[in-house]
Structures are given as C-alpha cells and as structure tokens.
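Here is the structure we will look at.
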Amino acid sequence: MASPSPASARPQRSPDEVEDIILRKILLVALTPPANPSPAVAYLELTAAELLSESRPLLALRDTAERLLIDRLSLPDPPAASQPPFTFLAAAFGRAADEARKISTIRDAGLRARLAQSIAHLRGLILSYARIVAGNPDTFPTPPGAPHPAAELLVFLLAEAADSLDPTPAPGAPPPPGFIDEFLGGADYESIEPAMGELYERLRQSVEKVSALGDFQRPLRVLRRLVGIPNCAKALVNHPKWIPKNQIMLIGEGRVMEISSVLGAFFHVSAIRDREFASKPDVGQQCFSEASSRRPADLLSSFTTIKSVMNGLYDGLKDVLLILLKNVDTREKVLEYIAEVINKNASRSGMQVDPLKCASSGMFVNLSAVMLRLCEPFLDNMESKKDKIDVNYLFCNNRVNFKDLTAINASSDEVLSLIESINSERDQNNASGEARFMESQEATSSGKNSTALVRCSKKENFSFICECFFMTARVLNLGLMKAISDVKHISQQLARFEDDLGSNRAMRDQGGGSPQLEQDINRLEKIVEILTQDKFCYEAQILRDGAFLQRALSFYRLMILWSVNLVGGFKMPLPSQCPKEFSCIPEHFLDDAMDLLVLTSRIPKALESFVLDDFLSFIIMFMGSTSYIKNPYLKAKMVEVLNCWMPQRSGLSSTASLFEGHQLCLDYLVRNLLKLYVDIEFTGSHTQFFDKFNIRHNIAELLEYLWDVPSHRNAWRQIAKEEEKGVYLNFLNFLINDSIYLLDESLNKILELKEIEAEMANTIEWERRPAQEREERLRIFHQWENIVRFDMKLANEDVGMLAFTSEQIPAPFLLPEMVERVASMLNYFLLQLAGPQRKSLTVKDPEKYEFKPKQLLKQIATIYVHISRGDKEAVFPAAISKDGRAYNDQLFASAANILWRIGGDPQIIKEFTQLAGKAKAAASEALDAEAILGDIPDEFLDPIQELVQTRWRLLEVFHSISKLAYQSFHCCQSILNYQIHYVGRATNMKVFWIKLIL
C-alpha cells in the first residue's frame, strides 16, 4: 500500500477555522489558552466565557469581530508588549492588508470571497475605532506615557511627507500603506472632525517657532494634503483656531491671528527676524553674521538659499488657499480669514507699529507673496479682467473696512456722503424686487433691515476677482510696502550708526581714547552688526526676489489701469471735475504703486522687460493736477519715479524711448513739472521747508535731462511764451529764491566748517579738550558737512538751470517784475565768488562738499551774458547798477580777471566785460540824474532807510535760528527785495510810491 502524500496528510480546516486564524492574527488575540504564549497576543478569557455561555464556538468570525476588537482594546491590563490603542489599530490595519494579499492565492473562489469580505469588514471596524480613539483618546485604556493619538497620526503624516532630497530624518516610521488615505478619506465629517481638531493644533505647534531655515516643508506638505480631502478641509475652517477668539494678556488681536491661528503659524515662517516671538534657527546669525568679512560668494549663496525656501513656502500656502477657495464649503471661511487678518492689523500702516499688537512683517510679507500668486490668473489678462473690479466694493462690502482710509482727494465726510448716495440708489433700484421677495415670504421688516438686505445681496454679487484684488491691495500696503519702508528705515539707521562708529574710531585713532569712548565703540559695533543682519534678511526675502517684485509690479499696473478707467481712460486734459469714485479711493493704492516703482527702479534688472508705458501715462496725467490728487508728496514720488527712469540713471535704453516717443509725455511733462515746482512750495507739512528742496532737486535733474531732448525743449519754449507772466514767472521766482538761500546757507556753513577744521588742526589745544566736547564738535562737523554737501549740490543745479534756460529763453528774466531781482541775485553770487571775502571760503577738500567755485563763477558770468544777449530794450545794465548792496564796477573787473585765470570762455568773458561797462555807464547816468533831482525829501527818506535796516536785521535774526523759520523769511525777503529795488534812487516819486504800495 502506497504511503499518503504530504498534502493529503495535512489536516483539512473548515472555512470557519481559516477565518478564525486570519482574524486572530490581525487582532493579536486568543480565545483559548495559548500553548506558547506570546507577549503581543492577548488571551481574551472573559470574551471566550461569554461565547461559551451563548453556545457559540470559540472562533473569531466576522459576526464577533467588533466584540473581539472592543474587548482587545478594553483590556484593563494589556500585554506587556501591547501598543497604545491608536498604534495598535494602525498596525492591525497593516496586518489586515497583509492577510488580504495572502488570501489571493487561495484556489477556492468561495472561500477567498468569504475571507476577503471578513477582512474588509474588520478593516472597516479598525478604521472606525481608530477615528474614535483619535478624537477621544480616553475611550480605551492607554499605557502610561503613551503619546496622544493625534501626535501618532501627525508622525505618520510627516513620515509620509518626507522628501528623498530632505536631509532631515523623518520623526518616525511611516504608517501601513493606505492607512492614512482610508482613515481620512473614507470618513464622514462627523466622525473625522474630532480627530482633526487636535491634529491641526499639533500641526500648528510643529511650525510655530520655525524660521525659514527650519523644517517647515514637511508640515506644509501635510497641510496641503489634508486640505485636499474635503472633510478635512471643512474641519480646518471650522477649527476653533481658524480665527482665534481667545484673548491673550498684553497681546493684540492682530498678533493673536499670527501666533494662535493654524494658518498663522505657517505664515510666521520667515527670514525676517521677529524679536518678540523668535524662530529658530536665527537666519540673521546663521547667514549674515560678520557679513563685512565674508566672501561675496558666501553671501550670494545665502541669498539664493533663502529665496528658494521662501518661494517653496509661498507656493505651498498658495496651493492650500487655492484648494480651500475652490471648495464651496470652505471658500467663504477663507475670505473671512484674510479679511480678519487685514482688519485686525490695520494699525500696521502707521509710522510706529506695536509688535505685541500687530502681526509681524514676516507674516505679512508672506501673505503678500501668496495673495499675488492668487491674483496671477487675472494679472496675466488684466485688460479683460479690470472691468470685473467693482469700485463699489470699497464702499459697500461687509468684509474689509476701507472707509477709514485716507482718500485720494476727498474728506471722510465726502466718502460717507458717497456711501449714502450709493445705498440710496440701490434702495431705489431694488425696491420693487425686494418688496416682492418680502411679500412672498410674509416678512415684516423695517426700512433699515431692508437696506441691510440689499447690501448683503449686493455683497454676494462681488466676484472673486474683485474681492481678491482689493484684499491684495490692503495686504500689500500692510505687508510688502510696509516692509520696504522698514528696509529704508533700517538702512538709514545703519548709515547713522556707521557714521557715528567711524567718527568714534577716528577719535580713538587720534589718541583720544577713553573708557567711555571704548564702551561707545563696542555698543555701536553690536548695533551695526544687528542692523546689518536685519537689512540682509529683508534683502534676501524681498529685494533679491525679482519674481516677487515683478508680480507686485503687475498688480500695481492693474491698479493703475483700473483707477484711470474711473476717469475715462488715458487722455488729456482730465475732466474739469474729479469723479467722486476716483476721489474717494484709498490714497495708498496709488502711493504704494509709486513707492514700488521707486524701489524697483533702483534695483538692477528689476524693470528689465517690464512695460512701463501705462505707469508713465498715469504719472503725466496726475502729477500736475491738484484737483485729482491733493497730497503733494504723492506727486513728488511720481517725479522721483521719472527721475529714476532717466536713461543715464536707469541703465535701460528702453526708458529713453519712454521720454522721447510717448505722446502724453511730449505734450504735458515739462508743463506739469514746472507747475509742480511752484506748487510744492507749500506742502502743508511741518517739514515743508526742507522737503521742497528734496522734491525740487528731483524736478531739476529731470528738467535738465529733458532740456537736452529737442522735442521737450521746444515744448519748454512754448510754455515760457504762453505762461510768461503765469506759471513760468512763478517758476523763475522760486528758482531764484532757492538759489539765493542755498548758496548763502552753504557758504555760511563752510565758514563754520573751517572754524572747526582750525580747531582740530591745533592738535595741542584740541587734545586738551575733554573727550566729550571733542566728540560733540566732531558730530557737529559731520552734520554740517552733510548739510553743505546737499545744499551746495542743489545750488549748483539751480544755477545750472538758470544758465541753460537763459540762453534760449531770456525774455522772462527781463520782465519789469523780474529783471532787478535777477540782477540782484547775480550780483550777490558774484560778490561771494569774486569779492574780497572769496579767499575765506577755501577749504581743504571743496569737491567733498560739492563746492565748485570756478564752475559757479563761469555759470554766473554765462547767465549775465545770456540775459544781456536777449536784452533788446537795454534794461539789464541799469538793473545791475541799481543793486546798492552788491554792485560795484571793481567787482566785475575782478571777476573778469579770475575768469581769464581759470580758463573761462573768451567770448563769454568779452561780453561779460562789455556788460560791466554798460552797467557802469548806467550807474553814472543814474548818479547824474539824481544830482539834477537833488536829495529825496526827508519825509520819504526815513521810512526807506528803516525798511532797509529792518531787512538786514531780519537777515541777521533768521541766520541765527533754525531752518524752519526761513520759510517765513523768504516770503519777507521777496517782498523787501521788490520794494527796495523800486525805492532806491527813484527818479519819479509818484511812480515810487505806487510801486512801493504794490
């Protein structure tokens, strides 16, 4: 008899027994005392007793699977090797997957189907209880010290989100394949929401103190994955910390949005240092410490790294918001979140920002970058999309407050009046439809409630493009543009401290060291180091990111197109009356556009390939219009933009074609610049006297460039002819006033500098002075150096402008109301540069102060000659000779000699000498006429002399007080000059008195 085969010898198991084996292996349980106990397998003795009492077999079958699972999780004394409930369930899910793969080899189709159904049923139970445990950790006994289920879930998610190129190791082992997808994706909202609450909080905590150089990428990928699951996305926007309601002592709502909200933690990740809530590692210390001694390649590598990681953050957060915005269940909550961030941080727009009340610059720069990415679809096609931006959103939306912002050219009352008129119009337009709606619903509401309904209905009609556009405008103002302002402030601080540090080191090198001085040097070195790190961090995240700046420029180009659309498009002249909608839009919309243009114009290649025509058209349209833009500083920024675009400054050949081929530019630019030069005299600010020089400096540089463009020069000539006694006369008056003040102030300061130089040259006496006194004198010396350098530069520009305009447009200088003022100014300059006091103005390094006496003297002589050439009526020589303060014939002879020595133009010197002869002859004729007429009667003499003496007393007083008082002084000076010119040597007393009164 043949022996049986091994297969036939193996005992045959029933389907119930096979199912029992598989389910027990998945659950790690035993229903009978195991022959070989395993620490991981739990003997469910009580469960077995219950089954026996119910006359059921001691088998783990599908109908008892849930009881076995619950009893396994509920063991009061779990096995020594037992895992926490959530970990056990996740592992059980993996074992179930393994068993499901194994049964695929079973030939019996019926058995295979039965086992597959049982395993699937058990896997569903495992997932269901895993969700229960994740949301309610106390449901089943937990070993002491076991991690929270949400923490375990987060570890799984982070492990799955690991990147093969990421050098940072994963925090734990990955979950069983498919577990996360089925755990999160296969659940309804009610079952998943409790688990997600704790998970999002732990995800927030994982990045709340992480900087740009920390590990934020994996948590961000986890967040990106979670919001892609609809129920998880819904759980996020319904999370208590989506928009935190809790108050924190001493912390403002704006800052709470950053440090407590789930998204706020991700937006906090930044290269920009946050001193109140610091992140690690410190980007400034790690990348930019001791920057002055580091190789440029090292710094460039740091800049590139930071830009790369920040763009990774921007892209990830954009994906998160975009997914949420596309989901109808979460979209409204996202817009509400952005609006809350804006409204609760509105005070970030102020000069001083309380870091405990407002979110950090880092968060708002990040939010700016993300919002710009959300705008990209309609920025790429802005011509067709700008009509979707409804201006009424500014006045009628219930989400973001624009009403309290400074308007372009309207008071707050005018803005409220516009809002009321819009609401009134809506009430009328919707009255019938609303009445029908209320009637159909049998509603009874007051008129006030009806209005509210109309507003709510209208709010829903605002497109996403509209909402996104206006929210982005506010975010950029509070974020990117505020950060740019911070960079400027840091740079200014850094420059001041570096100057102080250099001065102190110079004093130490000169042998003036003292313990206090060493302390000051150490303190300044630390401040300079910190400010340098801060500056480089801002630079890395903003200024070095060309794509970021280009997106912002594209956004503001759309802003320009949209705002111009409100006034009828790009055409001149503007309508005589400014449309109310335009006058009421927030001023910062346009102010930010100009600030960004100034910044990008100064960054190499930032404007490369960017089309600037729309910006230029906008600037030309509004630069000279007070009825459309009332803020003179905004118009001054427009000039600054154009100044940056001059070809010699921008380095771009394309900007030359802007100025030379743009029709609006050719027709209106010079006219508006001349008008603004006059209008900027009074800005309304307490610093207007100083500010006007900065602004006019930019205008002067631009005008000088335009003078060399033939088409603009022709326009200039035409304006001078048409506006000879209007704008152009005012322009010349202010140009002369500024020239006199700037040169006078500069020369006086040069004398004071010479005095301090002499003090320091006497080293013996200088060293005897106390160190504190020397430091103070040195600080004054450097302060005056800066003042002289600036004032002298502007004086050179003004004199230069007088020189080139007088050559081809001499007529306005010879008008009766101008000729004597011009002659008096030129005589005064000549006295300073060629008179007996000129040698007292010699300094060690005149170029350092922009002091170019030879060039100035040549220009003054040239102006004399240019005006003389246009003097068809021969009034100029007499005007020169009437100046009793500075004129004398020897001065002209001395000036001619100096001009020969310094290599002046022979023809100019010849004509200058001829003019001097004519002035001398005119003076002689005036003396002869006076001799014939006799002395002025006594009753007229005293007031005249008193007037002259009063003028000189005013000069002495005003030179001894601050520059701020010079504003009033120059008004007086202009009047006194005018009166004195007509009073002095008057031959017709009747004319004299009339002109004095005038």
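The values are calculated or read from the model by the stated rules, or taken from the named source; none is laboratory data. Note that this is a predicted model, so its numbers are computed, not measured. Counting neighbours? That spans all protein chains shown, and the Cβs are built from the backbone with ideal geometry, glycine included. These area figures cover heavy atoms from the full protein model, side chains too; ligands, DNA and RNA do not enter into them. Shrake-Rupley method; radii C 1.70, N 1.55, O 1.52, S 1.80 Å.
A few notes on this one:
- Region 44-196 - accessible surface per residue (Å², probe 1.4 Å): 48
- Average projected area [Cα convex hull, region 118-251], square nanometres: 10.5
- Measuring between alpha carbons in the structure, the pairs from Lys535/Lys844; Lys637/Lys793; Lys209/Lys245 lying more than 30 angstrom apart are Lys535/Lys844.
- Packing-based ranking of 689-698, 831-840 yields 689-698, 831-840, ordered from highest to lowest mean Cβ neighbour count within 10 Å.
- Nonpolar atom fraction for the chain, defined as the carbon and sulfur part of the 1.4 Å probe accessible area, stands at 52 percent.
- The H on the amide N of Tyr43, modeled in the peptide plane, is under 5 Å from the matching H of Ala30, each at least 5 residues off or on a different chain.
- P(r), alpha carbons of the chain - 10 Å bins starting at zero, rounded %: 2, 9, 14, 15, 15, 13, 10, 7, 5, 4, 3, 2, 1, 0, 0, 0, 0
- In this structure region 319-400 gives 39 Å² per residue of accessible area when probed at 1.4 Å with all protein chains present.
- Taking Cα atoms only, the orientation of helix 632-645 departs from the longest principal axis of the chain by about 90 degrees.
- A 1.4 Å probe run over region 728-850, with the rest of the protein chains in place, finds 39 Å² accessible per residue.
- Amide H contacts under 5 Å for Val210, placed H, 5+ residues apart: Lys280
- When the Cα convex hull of region 672-741 is projected onto planes of every orientation, the mean area is 4.7 nm².
- Distant-in-sequence amide H partners of Ala407 (H built 1.01 Å from N, under 5 Å): Glu587
- Each peptide in 207-219, 764-776 gets a packing score, the mean of other Cβ atoms within 10 Å over its residues, and the list from highest to lowest is 207-219, 764-776.
- Annotation: aspartates and glutamates with alpha-carbon distance below 16 angstrom to Lys344 (same-chain offsets under eight excluded): Glu253, Glu258, Glu336, Asp354, Asp404.
- Packing here is the average count of other Cβ atoms within 10 Å per residue, and on that basis the peptides 67-76, 147-156, highest first, run 147-156, 67-76.
- Spatially proximal lysines relative to Lys882 (Cα-Cα < 24 Å; intrachain offsets below 8 disregarded): Lys725, Lys858, Lys872, Lys910, Lys918, Lys920, Lys990, Lys995
- Efficiency of FRET from Cβ geometry, Arg901 and Glu376, R₀ 51 Å, rounded to 0.05: 0.20
- Listed pairs Lys385/Lys488; Lys385/Lys482; Lys388/Lys692; Lys318/Lys605; Lys488/Lys580 exceeding 29 Å between Cα atoms: Lys385/Lys488; Lys388/Lys692; Lys488/Lys580
- Using alpha carbons only: equivalent-ellipsoid semi-axes of region 269-411, gyration tensor based, whole Å: 33, 21, 16
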